[in-house]
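Colleague: Structure in structure tokens, see below.
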Amino acid sequence: MTKQKALPDVPRWAVLAAHAVPLIVLPSGLWRLALVAGLPVTQDAELGTMGLGESVYVVSLSVVSELLAFLTLGLVRSWGEVFPRWMPFLGGRRVNATAATTAAFAGVAGLCALAGWGAYASYADLGPGIPATPAQDALLITCYTPLLAWPVLLAAVAVAYHRRRRGAGRRQYGAGRPCAPSCV
């Protein structure tokens, strides 16, 4: 097994959960990219021939989703405690633990709201739907079902981050040396 680059005081389960988040977001992004590429993921010929604006939107949605999923790794790595030096204005400063935890739980709330809306919209038969064969339906369900674990995993990792950083006034990280008092 490869060595994880997590901080030493992070529980192993939190490291595994944080690394799982980008992986569970990936199938839905790949499904959307297949849709843009015109692969037969739906029966509707119109969906396969998207305009440029729609294609850019769908690809951007996939990229942004994956980037947001990668932010979960910051809750178990050093760049979630001290901003990387290459970042303008923030480089080398400590990450505010309350702000990071609040952002993570706002993400959990947003993901839960999206899941709730999606379930309601499906149940109420809102929108045009995506015409598909049983095999295409199975592929869609297979690609999107893992997303239900995203808010659960993010919440678990955020709780571990909060518990670890709650007493972080005594511990300071950053390239193997403590952060200067001006970073606080």
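Colleague: Show the residue pairs meeting these rules: Cβ distance below 7 Å; 6+ apart or different chains; first residue within the stretch 70-88 and more than 17 Å from Thr98 (Cβ to Cβ); second residue assigned to a helix (DSSP H, G or I) and among the small types (Gly, Ala, Ser).
Modeller: What qualifies is Thr72/Ala18; Leu73/Ala18; Val76/Ala14; Val76/Ala18.
Colleague: Check whether at least one residue in the stretch 26-46 is in contact with a Lys or Arg (Cβ under 6 Å, 6 or more places away or on another chain), surrounded by 17 or more Cβ atoms within 10 Å (Cβ to Cβ) and under 25 Å from Ala135 (Cα atoms), and report yes or no.
Modeller: The answer is no; no qualifying residue exists.
Colleague: Could you give me the residue pairs with C-beta distances under 6 Å whose first residue belongs to the stretch 140-166 and is on the phi < 0 side of the Ramachandran plot and of a type in the set (Lys, Arg), whose second residue is surrounded by 15 or more Cβ atoms within 10 Å (Cβ to Cβ) and assigned to a helix (DSSP H, G or I) wherever it lies, and which are 6+ apart or on separate chains?
Modeller: Arg165/Ala97
Colleague: Looking only at the stretch 68-98, count how many residues are touching a helix residue (DSSP H, G or I) at 6+ places or on another chain (Cβ under 9 Å) and either outside any loop (DSSP other than H, G, I, E, B) or among the β-branched types (Val, Ile, Thr) (or both).
Modeller: 16
Readers should treat all values here as calculations from the given coordinates under stated rules, not as data from a laboratory. Computed from a predicted model, the values in this text were never measured in an experiment. Heads up, the Cβs are rebuilt from the backbone with ideal geometry, glycines too, and the neighbour counts pull from every protein chain shown.
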